[in-house]
Amino acid sequence: MPSEPNHILEFPGGYTRSVGPVIGRFFSDLRDGRLTGVRTAAGKVLVPPAEYDPETSEDTTGEYVEVGPAGTVTTWSWVPRPLKEHPLDRPFAWALIRPDGADTALLHALDVGVFEEGAKPPKFLKTGMRVRPKWRDERTGGIGDIECFLPEVTMINAPTRLEYRMKGGRTLQRFLEGVSEGRILGDRCPVCEQVIVPMKGICPRDGVPTTEEVELPHTGTVTTFAVNNIPDPRAPEVPFVSAYVLLDGAGLTMLTLVAGIPADQVRMGMRVKAAWRPREEWGRTMNNIKWFEPLDEPDLPFEAIKDYT
Amino acid sequence: MANACAIIGIGQTAYKTKRLDVSMAGLLREAARRALDDAGLTWKDIDAVVVGKAPDLFEGVMMPEPYLADAIGATGKPLMRVHTAGSVGGSTAIVAASLIQGGVHERVLTIAWEKQSESNATWALTVNSPFTTSLVVGAGGYFAPHIRAYMRRSGAPDHIGALVAVKDRENALKNPYAHLKIPGISREMVEMTPMLWEPIRYLETCPSSDGACAMVLASEDAAKKAPNRPAWVHGTAMRSEPMMFAGRDTVSPQGGKDCAADVYRQAGITDPRRELDCAEVYVPFSWYEPMWLENLGFCGEGEGWKLTESGATALDGDIPWNASGGVLSSNPIGASGMIRFAEAALQVRGQAGEHQVDGARRALGHAYGGGAQFFSMWIVGSEKP
């Protein structure tokens with residue numbers, strides 16, 4: 001940390017400066033919220049305006065040109081740890097900004113958002129970036145009338161939330177009632193005679209109401225599966241196995257988690273049984289079944305499950 | 001018999017991970033304007049607009065069609081939105097074609113798009129109701145078990161998926177609009193990438209893209225005035241089936257077989273491998289090439305992988321599949337089906353540039369969606385049917 005000064009000189013009230021007609025025009029326009037440049041004899045637009053052309057030393061033409069307010073960053077320097085004299089109290093960039101319609105750039109602070117002290121410059125901070133001035137509400141006629149520059153708006157956030165009151169319907173309520181009692185319920189189609197589980201009340205293939213409720217055993221066979229290496233909050237770990245399990249007596253498979261065995265040892269045809277959570281945790285939800293785990297029985301041959309894959 | 005329908009304009013955007021330079025409306029307009037330019041038309045020449053995209057949760061814009069109506073030139077005109085999950089790009093084109101075939105309109109603009117960078121498709125595909133538990137993690141988690149079942153049923157060797165992944169990406173290098181460009185891609189490179197949802201590797205999956213595709217469809221009279229050579233619709237078909245039912249074949253769904261049989265009948269095709277010159281087929285995971293080869297009747301059951309392995313589906317093979325690079329190389333989901341349809345049309349118009357299949361006269365465009373339960377297909381030809 002720099003030490004505190006022990007000697008201070010401050011001219012009472014500050015020195016006065018006559019700004020002249022050219023800089024005066026620039027400052028007056030700043031106070032009005034406008035950026036102004038001046039044209040040189042060669043046709044270039046200087047911002048801030050000057051009384052003379054720095055290349056030829058000739059007088060500028062006196063033709064004022066409104067520029068910007070949007071502009072392009074031509075180069076920049078990142079300030080990861082601002083000092084108390086700096087215009088912003090969080091990391092920012094000093095940038096040379098060429099206002100649209102100008103041939104020169106002016107120096108100003110560029111605020112690119114909230115960053116921790118010491119942060120690296122964000123990737124989107126680039127030469128070529130489009131920026132606009134942030135004007136102060138109370139302006140006095142000085143470069144400080146622009147508080148800083150800000151990036152142009154390229155993205156907005158659109159928070160969206162939908163709330164539903166859902167009802168499961170009679171069949172699903174019946175199924176969940178079964179699950180809450182530790183039973184897996186299906187129903188039989190009167191046309192194809194297959195057992196549909198979870199029960200739906202209709203046969204999706206034949207389009208008829210089902211008539212006969214069927215309680216299924218908690219054992220079945222893995223028909224096919226995926227080994228998932230992408231984490232998911234619903235699975236205990238990575239890799240996890242999501243598998244289609246054909247419950248004994250069912251006409252179609254159910255998608256479930258298979259655990260209690262390393263992922264690379266799961267097989268098509270493997271016999272499994274439902275692993276229920278402790279009874280005190282049961283509710284009206286399929287979550288009562290934690291997953292399916294291996295049963296100590298020989299695998300079924302692929303021929304026996306082929307038609308269910 | 002239906003009236004003839006021609007494709008007189010095709011427009012695509014470049015497909016990229018993020019199109020931050022345009023709004024959603026701007027993205028659609030880019031594709032639409034290119035299609036109009038190709039057709040030598042302006043917005044006012046269009047009679048009706050048919051638009052399609054994947055489920056609303058993908059971008060979180062509920063009912064995007066009213067919000068986009070004026071941006072896509074539908075002010076004062078009929079506007080229709082089509083919605084059939086991943087197959088939507090295909091079914092959108094089919095609905096548009098039916099408006100021409102039924103004699104309702106002379107010139108219909110059809111557009112499909114997705115701006116995947118503005119949301120998260122895996123999240124959108126994984127939301128569950130409070131009554132169900134699902135372990136499906138995005139589309140890959142859903143399709144991986146069915147790919148495993150195909151491998152087992154057909155006895156296909158493990159490397160077939162990698163062959164398709166390489167072939168389609170090599171084709172993409174010849175397509176200026178394609179998203180994934182991987183010069184020097186090889187089987188070894190694909191096999192070195194991690195298993196995401198075993199048996200699906202990273203490079204055996206499609207990318208996530210922003211992009212839009214548009215076509216102008218026209219009646220025979222309107223097609224006569226078009227500046228560029230049209231493609232002609234020789235048949236269209238759609239089928240759907242429930243995701244779960246007893247006896248469902250998830251590897252080779254009946255809906256796909258029925259849809260193919262219908263579109264072949266309309267086009268008078270009995271041997272698709274011999275009578276079609278190329279096909280643009282929805283293959284988002286590389287293993288779906290051999291699976292759809294069988295489902296679409298290009299070979300017998302269990303033979304698809306042999307066709308792939310023989311090189312028959314390569315750009316220089318006897319039946320090139322996905323000369324454009326396919327869904328494996330560009331995947332703005334809602335547009336992916338329409339891109340297949342449009343690329344099939346580009347081929348028979350002779351406008352496919354570096355990925356042109358020499359002398360292509362008849363081509364299949366195919367899309368599928370949901371749990372492989374929605375199918376849409378069309379056959380287009382260089383001659384009026």
Q. Just to be sure, is B:Ala35 in a helix (DSSP H, G or I), in contact with a Cys (Cβ under 8 Å, 6 or more places away or on another chain), closer than 26 Å to B:Val327 by Cβ and at pLDDT 95 or above?
A. no
Q. What are the residues in region A:196-209 that are within 11 Å of chain B (Cβ to nearest Cβ), of a type outside the set (Lys, Arg) and buried (at least 20 other Cβ atoms within 10 Å of the Cβ), if any?
A. A:Ile196, A:Val197, A:Pro198, A:Cys203
Q: Would you tally the residues in region B:74-124 being of a type in the set (Asp, Glu) and buried (at least 21 other Cβ atoms within 10 Å of the Cβ)?
A: 1
**Q.** Those residues of region B:213-243 which are of a type in the set (A, V, I, L, M) and within 16 Å of B:Ala345 (Cβ to Cβ), in sequence order
**A.** B:Ala214, B:Met215, B:Val216, B:Leu217, B:Ala218, B:Ala222, B:Ala223, B:Ala226, B:Ala231, B:Val233
Q. Can you find even one residue in region B:215-234 that is of a type in the set (Val, Ile, Thr), closer than 16 Å to B:Leu99 by Cα and in contact with a Leu (Cβ under 6 Å, 6 or more places away or on another chain)?
A. yes
Q: Output the residues belonging to region A:89-99 that are surrounded by 14 or more Cβ atoms within 10 Å (Cβ to Cβ) and either under 27 Å from the mean Cα position of the chain (by Cα) or acidic (Asp, Glu) (or both).
A: A:Arg90, A:Pro91, A:Phe92, A:Ala93
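For B:Thr308, are the conditions met, namely being crowded, with 24+ Cβ neighbours inside 10 Å and assigned to a loop (DSSP other than H, G, I, E, B)?
On the way: crowded, with 24+ Cβ neighbours inside 10 Å: yes; assigned to a loop (DSSP other than H, G, I, E, B): no.
No; evaluated as a whole, the condition is false for this residue.
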Q.
Among the residues in region A:88-97, are any in a loop (DSSP other than H, G, I, E, B) and either within 14 Å of chain B (Cβ to nearest Cβ) or without any contact (Cβ under 8 Å) to a residue 12 or more places away in the chain (or both)?
A. yes
Q. Would you pick out the residues in region A:286-309 that are modelled with pLDDT of 95 or more, surrounded by 13 or more Cβ atoms within 10 Å (Cβ to Cβ), assigned to a loop (DSSP other than H, G, I, E, B) and of a type outside the set (A, V, I, L, M, F, W, C)?
A. A:Asp299
Q: Go through the residues of region B:100-123 one by one and say whether even a single one is within 14 Å of another protein chain (Cβ to nearest Cβ) and in a loop (DSSP other than H, G, I, E, B).
A: yes
Q: Kindly provide the set of residues from region A:54-71 that are within 49 Å of the chain's Cα centre (by Cα), buried (at least 18 other Cβ atoms within 10 Å of the Cβ) and either outside any strand (DSSP E or B) or charged (D, E, K, R) (or both), ordered by number.
A: A:Gly68
**Q.** Breaking point among (1) in contact with a strand residue (DSSP E or B) (Cβ under 8 Å, 6 or more places away or on another chain); (2) part of a loop (DSSP other than H, G, I, E, B); (3) within 12 Å of chain B (Cβ to nearest Cβ), for A:Ala226
**A.** (2)
Q. Of all residues in region B:226-257 being touching a residue at least 60 places away in the same chain (Cβ under 8 Å) and among the charged types (D, E, K, R), which is farthest from B:Val88 (Cα to Cα)?
A. B:Arg229
Q | Within region B:217-266, considering residues that are among the aromatic types (Phe, Trp, Tyr) and over 30 Å from A:Pro198 (Cβ atoms), the one nearest to the other protein chains (Cβ to nearest Cβ) | A | B:Tyr264
Q.
Looking at region A:1-49 only, could you name the residues that are closer than 18 Å to A:Val67 by Cα and of a type in the set (Ser, Thr, Tyr)?
A. A:Ser28, A:Thr36, A:Thr40
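The values are calculated or read from the model by the stated rules, or taken from the named source; none is laboratory data. As the structure is a prediction and not an experimental result, all values here were calculated from the model. Every residue, glycine among them, receives a Cβ derived from its backbone with ideal geometry; neighbour counts consider all protein chains shown.
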